[in-house]
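Inspection log for the structure reproduced underneath, given as structure tokens.
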Amino acid sequence: RPRTRFYVGGGYSRDNYVRSGELDQENWTANLGVSRRFTDRLQGFADYRYEERDYSSSVGSDETQTFSLRLDWGLGRVTFLTLGYRYEDRQSDIGTLGYTENLVYLSLSYRQGSVAGPRTVAF
């Protein structure tokens, strides 16, 4: 039967380098998402992620926003066909590190463990 899940997450990290303070950085992240199981074999996902990195030296900072949509179709117990779209926008004051990308993909994958598990092999 159809099931919907919502999830929210975030984090903070600080990296300090003893020998060189130029690479010290603070990272902030936030993610929101929803997944919906339409049938036993068909599941959809929508995710949003925000990340901000601030470097302690005069190097600069950047922020990245990513939005993705995926539709997973189970072809068997461990084989999946995925149609997806990802939009990513990075604004940066560090040289030429800013960009915007749109990615549409079709993936055939073999997965061990649960669908949300970390072990995925795509080919």
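The values are calculated or read from the model by the stated rules, or taken from the named source; none is laboratory data. Small disclaimer: the values here were computed from a predicted structure and weren't measured. For the accessible areas, the whole protein counts, side chains as well, though only heavy atoms, and no ligand, DNA or RNA atoms are used. Shrake-Rupley method; radii C 1.70, N 1.55, O 1.52, S 1.80 Å.
Things to note:
- Take every pair of alpha-carbon atoms less than 8 Å apart whose residues are at least six positions apart; their mean separation over the length of region 2-76 yields a relative contact order of 28 percent.
- Approximate shape of region 59-113 as ellipsoid semi-axes (Cα gyration tensor, √5λ), whole Å, largest first: 33, 11, 8
- Equivalent-ellipsoid semi-axes of region 3-56, from the Cα gyration tensor, Å, largest first: 37, 9, 8
- The share of accessible area on region 67-110 that comes from carbon and sulfur is 61 percent, using a 1.4 angstrom probe.
- Amide H to amide H, with H built 1.01 Å from N, ILE94 comes under 5 Å of SER61, counting only residues 5 or more places away or on other chains.
- Phi to ³J(HN,Hα) by Karplus 6.51 cos²θ - 1.76 cosθ + 1.60 over region 82-93, Hz, x for Gly, Pro: 10, 10, x, 9, 9, 10, 9, 10, 10, 9, 9, 9
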